[in-house]
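Asker: Following this message is one structure expressed as structure tokens.
The values are calculated or read from the model by the stated rules, or taken from the named source; none is laboratory data. Computed from a predicted structure; not experimentally measured. Here Cβ is always computed from backbone atoms with ideal geometry, including for glycine, and neighbour counts include all displayed protein chains. Quick note on the areas: whole protein, heavy atoms, side chains included, nothing else; ligands and nucleic acids left out. Shrake-Rupley method; radii C 1.70, N 1.55, O 1.52, S 1.80 Å.
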Amino acid sequence: CIATGSARGDGTKASPLKDIQKAIDNAADGDVIRIAQGNYLGNLDRGWIEMTNKYVSFEGGWNDDFTERNPMKYVTKIQPSQAQVGTIGRGLFLIESTDNRANGQIIIDGLCFDLGFLLTYAPANDDPRNGWPEGCETGRVMPVGNPPNPSIRLIGGKVAGKLIIRNCVFTNASFYAIIMTNAGGDWEIYNNVFVGNLYASVEINGGLNQSTNAHQSTVDFHHNTVLFSWAR
């Protein structure tokens, strides 16, 4: 995918798509969607993408001709703005893939998820309740969970099988950066940056084998940077 690609592309390097959602819809299990620098807002620029019962991986941080990959230099974003307030869903990336616990694998690598431009902030003034912290361009974020700011996670859903999330940035979530259910499988979340997210950076719910009470779900969360999580 490339932000300047074509809606009629075939998804190859020579004819890249501009829409990650269309690439997901066209992909088969085991495929890797490589994504060039730019901002991606989903089908019809609604501000979010989704994947259901597929095991596809995502690799951001490519330059425009896919000859070099550097996620810090070629930033691949899902970063909606005020234009998406009326169309955005419950999360920037929603995944419901539970039909291949034994062999299914999803890797999310090198993407930046950011709600900072969508949220509404208080005016920059000296109001002690929500005013202008020194060095900031605006006042504090307005209340979340009701207008003007909806509760939106950055990644959500339910996955059975292997899930790896690495080399990503998660910032300004108005409802947990990642909140998901592990429906059986070994997950790994590492080398990510979580900054300024509501409630917590990550919450993963798992399950037990109801016959043996043995754990069916594991999460290895390591080598991440977590800063400034905030309560409602």
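Asker: With out of contact with any Asp or Glu (no Cβ under 9 Å at 6 or more places or on another chain) and either in a loop (DSSP other than H, G, I, E, B) or under 15 Å from Val169 (Cα atoms) (or both) as the only criterion, which of Gly139, Gly89, Gly131 stands out?
Answerer: None of the others qualify; the one that does is Gly131.
Asker: Right, another one. What is the number of the single condition among (1) open to solvent by 10 Å² or more (accessible area, probe 1.4 Å); (2) closer than 30 Å to Asn63 by Cα; (3) of a type in the set (Val, Ile, Thr) that Thr181 does not meet?
Answerer: (2)
Asker: Somewhere in the range 104-119, is a residue touching a residue at least 12 places away in the same chain (Cβ under 8 Å), among the aliphatic types (A, V, I, L, M) and open to solvent by 50 Å² or more (accessible area, probe 1.4 Å)?
Answerer: Scanning the range 104-119, I find no residue that is touching a residue at least 12 places away in the same chain (Cβ under 8 Å), among the aliphatic types (A, V, I, L, M) and open to solvent by 50 Å² or more (accessible area, probe 1.4 Å), so the answer is no.
Asker: With respect to Arg129, is the statement that it is in contact (Cβ under 8 Å) with a residue 40 or more places away in the chain and basic (Lys, Arg) true?
Answerer: It is false that Arg129 is in contact (Cβ under 8 Å) with a residue 40 or more places away in the chain and basic (Lys, Arg).
Asker: Being among the charged types (D, E, K, R), open to solvent by 40 Å² or more (accessible area, probe 1.4 Å) and not in a helix (DSSP H, G or I) is the filter here, so list the residues in the range 9-25 that pass it.
Answerer: Hits for the range 9-25 are Asp10, Lys13, Lys18.
Asker: When you check Ala124 against the structure, is it assigned to a loop (DSSP other than H, G, I, E, B), surrounded by fewer than 21 Cβ atoms within 10 Å (Cβ to Cβ), small (Gly, Ala, Ser) and at pLDDT 90 or above, yes or no?
Answerer: no
Asker: Are there any pairs with C-beta distances below 6 angstrom linking a residue in the range 1-24 that is at pLDDT 90 or above to a residue that is of a type in the set (Ser, Thr, Tyr), with the two at least 6 apart or on different chains, and if so which?
Answerer: That search, which allows pairs on different chains as well, returns Ile20/Tyr40.
Asker: Take the range 151-162 and flag every residue that is more than 13 Å from the chain's Cα centre (by Cα) and open to solvent by less than 50 Å² (accessible area, probe 1.4 Å).
Answerer: Ser151, Val159, Ala160, Gly161
Asker: Within the range 34-83, can you find the residues that are open to solvent by less than 10 Å² (accessible area, probe 1.4 Å) and over 15 Å from the mean Cα position of the chain (by Cα)?
Answerer: Correct list: Ala36, Tyr55.
Asker: Given the residues Gly206, Gly135, Gly139, Gly145, which is the only one that is more than 18 Å from the chain's Cα centre (by Cα), under 24 Å from Thr52 (Cβ atoms) and not acidic (Asp, Glu)?
Answerer: Within the list Gly206, Gly135, Gly139, Gly145, the selection yields Gly206.
Asker: Might you check whether a residue that is farther than 24 Å from Val85 by Cβ, part of a strand (DSSP E or B) and at pLDDT 95 or above occurs anywhere in the range 143-153?
Answerer: no
Asker: Continuing with this model, one more query. Restricting to the range 166-186, name every residue that is out of contact with any Asp or Glu (no Cβ under 7 Å at 6 or more places or on another chain), in a strand (DSSP E or B) and either among the small types (Gly, Ala, Ser) or farther than 12 Å from Thr225 by Cβ (or both).
Answerer: Once the filter is applied, which keeps residues that are out of contact with any Asp or Glu (no Cβ under 7 Å at 6 or more places or on another chain), in a strand (DSSP E or B) and either among the small types (Gly, Ala, Ser) or farther than 12 Å from Thr225 by Cβ (or both), the range 166-186 yields Ile178, Met180, Thr181, Asn182, Gly185, Asp186.
Asker: Tell me, yes or no, whether the range 84-97 has at least one residue that is under 22 Å from Ser151 (Cβ atoms), open to solvent by 60 Å² or more (accessible area, probe 1.4 Å) and among the hydrophobic types (A, V, I, L, M, F, W, C).
Answerer: Of the residues in the range 84-97, the ones under 22 Å from Ser151 (Cβ atoms) are 84-96.
Remaining after also requiring open to solvent by 60 Å² or more (accessible area, probe 1.4 Å): 85-87, 90, 96.
Okay, now just the ones that are also among the hydrophobic types (A, V, I, L, M, F, W, C), so 85.
Checked against the condition, which is being under 22 Å from Ser151 (Cβ atoms), open to solvent by 60 Å² or more (accessible area, probe 1.4 Å) and among the hydrophobic types (A, V, I, L, M, F, W, C), the range 84-97 yields at least one hit.
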